[in-house]
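Engineer: Before we start, here is the structure in question, set down as structure tokens.
The values are calculated or read from the model by the stated rules, or taken from the named source; none is laboratory data. Predicted model only: the values in this text are computed from it and were never measured. Positions of Cβ are generated from backbone atoms using ideal geometry, with glycine treated the same way; all protein chains shown enter the neighbour counts. Note: accessible area is taken over every heavy atom of the protein model, side chains too, but ligands, DNA and RNA are not part of it. Shrake-Rupley method; radii C 1.70, N 1.55, O 1.52, S 1.80 Å.
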Amino acid sequence: MIKDNIKVLEEEISSICNNCGRHRSDIKLIAVSKTQSIENIKQALLAGVNEFGENRAQELRDKSELIFDNINWHFIGHLQKNKVKYIIKSSVLIHSIDSKKLAEEVKTRAEQNNKIQNVLLEIKTSKEATKFGLLNEDEIFSTTQYCFEAPSINLIGLMTMAPFTNDEKIIRGSFTQLRNLFEKLNKNGYNLTELSMGMTNDYRIAIEEGSTMLRIGSAIFGERNY
Ligand SMILES: *Cc1c(COP(=O)(O)O)cnc(C)c1O
């Protein structure tokens with residue numbers, strides 16, 4: 001089942017890429033495995049996926065200690081400062097730096113672990129109160145500059161979540177806002193390469209708007225049971 005879902009999804013992603021003149025190889029598929037069992041993760045691995053995303057710190061830590069296959073773990077959820085220590089060893093990329101204080105903690109923990117931590121800044125592009133992310137442009141620029149100067153942090157791009165709606169114009173607006181900000185930062189010399197945007201319900205629009213990382217859960221594993 002999971003294998004079939006991945007096959008269908010891959011075909012869909014490739015066809016969207018073809019239609020908008022992009023290459024499939026420029027986009028990373030991250031299977032969002034939050035709440036999923038180790039068994040389900042292994043099925044996705046067997047189907048050729050090796051990037052996985054988790055949104056809870058202890059869950060990422062526990063799963064990364066139980067599976068020894070070659071997995072790239074992505075942390076994609078809201079991260080409390082006191083939980084950075086759980087994920088710093090195993091995360092290839094933290095998508096959700098949403099404050100300078102959090103960046104400071106990541107810098108310290110990365111130093112302690114002798115690693116250079118790849119990160120993205122999470123940007124709030126929707127008005128939904130439940131969503132996290134940097135909003136204010138001064139704050140975005142100062143956090144970007146902070147990450148740029150921190151030796152144990154490698155800032156490679158931006159992440160956002162579009163609002164939960166069927167209104168395609170609103171979703172697209174959220175993604176173009178992220179891409180415009182990305183271009184603006186790059187004009188200031190920051191050299192960002194990654195745009196993490198697109199989930200099960202909006203990945204087609206995200207690909208059209210330049211996404212380089214899709215975070216997809218339900219389309220791979222089915223509806224989640226919390
Ligand atoms: C759960 C989650 C996803 C995946 O959501 P689906 O709709 O199941 O594809 C993507 N990004 C984040 C930050 C999430 O928490």
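Engineer: Considering each of F175, F182 in turn, give the residue that is crowded, with 18+ Cβ neighbours inside 10 Å and more than 16 Å from the ligand (Cβ to nearest atom). Full working, then the answer.
Structural biologist: Values: F175 fails: more than 16 Å from the ligand (Cβ to nearest atom).
Answer to the check: F182.
Engineer: Here's a follow-up. Looking for whichever is under 21 Å from T200 (Cβ atoms) and of a type in the set (V, I, T) here; the options are V92, V106, V49. Which one fits?
Structural biologist: Sole residue among the options that is under 21 Å from T200 (Cβ atoms) and of a type in the set (V, I, T): V49.
Let's see how each residue does on (1) away from the ligand (no atom under 15 Å from the Cβ); (2) in contact with a helix residue (DSSP H, G or I) (Cβ under 9 Å, 6 or more places away or on another chain); (3) among the hydroxyl-bearing types (S, T, Y):
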| position | (1), (2), (3) |
| --- | --- |
| W73 | no, yes, no |
| L93 | no, no, no |
| A103 | yes, yes, no |
| N118 | yes, no, no |
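Engineer: May I ask you to say which residue of L79, L120, L93, L102 is more than 22 Å from I216 (Cα to Cα) and not charged (D, E, K, R)?
Structural biologist: L102
Engineer: Looking only at the range 127-162, filter to residues that are in contact with a helix residue (DSSP H, G or I) (Cβ under 6 Å, 6 or more places away or on another chain) and within 16 Å of the ligand (Cβ to nearest atom); which one of those is farthest from Y190 (Cα to Cα)?
Structural biologist: A162
Engineer: So which residues in the range 97-151 are of a type in the set (D, E, K, R), more than 19 Å from the chain's Cα centre (by Cα) and within 20 Å of Q177 (Cβ to Cβ)?
Structural biologist: Correct list: K127, E137, D138, E139.
Engineer: Within the range 193-208, which residues are charged (D, E, K, R), open to solvent by 20 Å² or more (accessible area, probe 1.4 Å) and over 13 Å from the mean Cα position of the chain (by Cα)?
Structural biologist: R204, E208
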